Amino acid sequence: MRAAVYHGPKDVRIEKVADPRIEQPGDVIIKMITTSMCGSDLYLYNGEVEELVAPGHTTLGHEICGEVVEVGSAVNRFAVGDRVTFPYSVSCGRCQSCRVGQTAHCLTSGKAIYGFGTAFGDLGGSHAEYVRSPLADDHLEHVPDSVPDDVVPFLSCNLPAAAIAVHAAEIELTDTVAVVGCGATGLLALDLVRRHTNATVYAFDPVPFRRKRAELLGAVPMDASADAVNTSIQAVLDATHGHGVHKVVEFAGRGDAFDLSVALARPGGTISGGGVYVERDHPVSLFDMHFKNLRLVLNGFANAHTAQWHAMQLIENNVIDPTAVLTHRVSLSELPSTAEQFTTREEGFLKALITP
């Protein structure tokens, strides 16, 4: 089959690799119908986590709409021909971590993640014609006929992550909110935030195109670029009588975005972080967080399986249309050039839907 194979920083190639096969009785094999790139894929693409990947071996991707084409002997919930999706991480539903809702920390799968390298289970990714799904009965999900193929990949990661972060922020109707990071998932989170409060919502991002999209969703756009961010922070402080915002929802996943979140939050405020942090040595001020009495909830390693059903309800009940952030539709063979557009934040690029 064809798959996106990591060969080094910014070197992803579509190559022929061995077809996946049933390895355990609980496995299923899924044929990809649609897939997409997540912002966290860029950490691998850019070579920022080289200790996690094996060049020439690791295949990428963890978002999918697919069709079951083969089932293991112990699989009971799925049959050939079923249309399915999976959360980005594999979970058993029965271990101690899963029972308390920490499905991303599943003890049975060893925190396995589709297409995220040797350190997380060495599973094949969804940027391929076929993918093996272990423990299928425990975490794979049927897709209702009412949910189109181009919407389904959002159920693997983006929309559950947005829903988790917004829920964790505990936003009240009169809370001012800052959304930091207006990529695809940040904009989905912003859409949900606007439904929770009647007060002002600020949207921070360094990319003008993304700020314009945030403004269309009813937010006040704020420039987060290095030469403008301090002015933007001061503008929010001035507008909130020097206090800062009640809640911050962060989806940039960088140390400077975390620092920005701390600067924006008022005393007693909440920072709900949905971004994926890979910076191990970023300095943070415990004094600032302590002195402000901040409530900090980090969900970057999101327990997506716990929120998949809720995300599906948001779609089926027309609360949110995730395809609003789809800006490109490409074939699998175009993925390497698409990844470059994504990482350079090309004008007009938010998220790409990928088909075989």
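The values are calculated or read from the model by the stated rules, or taken from the named source; none is laboratory data. Computed from a predicted structure; not experimentally measured. Reconstructed Cβ throughout: ideal geometry from the backbone, glycine too, with neighbour counts over all protein chains shown. Each accessible area value is taken on the protein alone, full model and side chains, heavy atoms only, with ligands, DNA and RNA left out. Shrake-Rupley method; radii C 1.70, N 1.55, O 1.52, S 1.80 Å.
For this structure, a couple of remarks:
- Of all the numbered requirements in (1) part of a strand (DSSP E or B); (2) in contact with a His (Cβ under 9 Å, 6 or more places away or on another chain); (3) open to solvent by 30 Å² or more (accessible area, probe 1.4 Å), residue 353 misses one, and that requirement is (3).
- No other residue among 110, 93, 81, 125 is within 19 Å of residue 332 (Cβ to Cβ) and part of a loop (DSSP other than H, G, I, E, B) apart from 125.
- Residue check, residue 173 touching a residue at least 24 places away in the same chain (Cβ under 8 Å) and touching a Pro at 6+ places or on another chain (Cβ under 6 Å): no
- Subset of segment 5-56 that is touching a residue at least 24 places away in the same chain (Cβ under 8 Å) and small (Gly, Ala, Ser) - its residue that is farthest from residue 351 (Cα to Cα): 26
- For segment 37-74, the candidate set comprises residues that are aliphatic (A, V, I, L, M) and open to solvent by 20 Å² or more (accessible area, probe 1.4 Å); within that set, the residue that is farthest from residue 7 (Cα to Cα) is 74.
- Counting only residues that are crowded, with 16+ Cβ neighbours inside 10 Å and within 15 Å of the chain's Cα centre (by Cα), segment 299-336 holds 14 of them.
- Elements of the type strands (runs of 3 or more DSSP E) sitting completely within segment 226-299 and holding at least 2 residues that are touching an Asp or Glu at 6+ places or on another chain (Cβ under 8 Å) and not hydroxyl-bearing (Ser, Thr, Tyr): these cover 245-250, 265-273.
- Failed criterion for residue 248 (all others in (1) touching a helix residue (DSSP H, G or I) at 6+ places or on another chain (Cβ under 8 Å); (2) open to solvent by 10 Å² or more (accessible area, probe 1.4 Å) hold): (2)
- Positions within segment 75-92 being without any contact (Cβ under 8 Å) to a residue 60 or more places away in the chain, under 22 Å from the mean Cα position of the chain (by Cα) and surrounded by fewer than 24 Cβ atoms within 10 Å (Cβ to Cβ), in sequence order: 84, 92
- Residue within segment 14-32 that is farther than 27 Å from residue 149 by Cα, in a loop (DSSP other than H, G, I, E, B) and modelled with pLDDT under 95 present: no
- If the condition is being among the β-branched types (Val, Ile, Thr), open to solvent by less than 40 Å² (accessible area, probe 1.4 Å) and free of Cβ contacts under 8 Å to residues at least 40 places away in the same chain, then segment 269-298 contributes only 271.
- Among residues of segment 339-350, those that are closer than 18 Å to residue 208 by Cβ and open to solvent by less than 10 Å² (accessible area, probe 1.4 Å), counted: 2
- Filtered by the rule that a residue be surrounded by fewer than 22 Cβ atoms within 10 Å (Cβ to Cβ), of a type outside the set (Val, Ile, Thr), more than 17 Å from the chain's Cα centre (by Cα) and outside any strand (DSSP E or B), segment 136-176 gives 137, 138, 144, 145, 146, 148, 149, 170, 172, 173, 175.
- Subset of segment 144-196 (residues that are out of contact with any Gly (no Cβ under 8 Å at 6 or more places or on another chain), of a type in the set (Ser, Thr, Tyr) and farther than 19 Å from residue 265 by Cβ): 146, 156
- Taking the criterion of being open to solvent by 30 Å² or more (accessible area, probe 1.4 Å) and among the aliphatic types (A, V, I, L, M), the residues of segment 251-268 that qualify are 252, 263.
- Among the residues of this structure, residue 74 does not count as one that is aliphatic (A, V, I, L, M), at negative phi and out of contact with any Pro (no Cβ under 6 Å at 6 or more places or on another chain).
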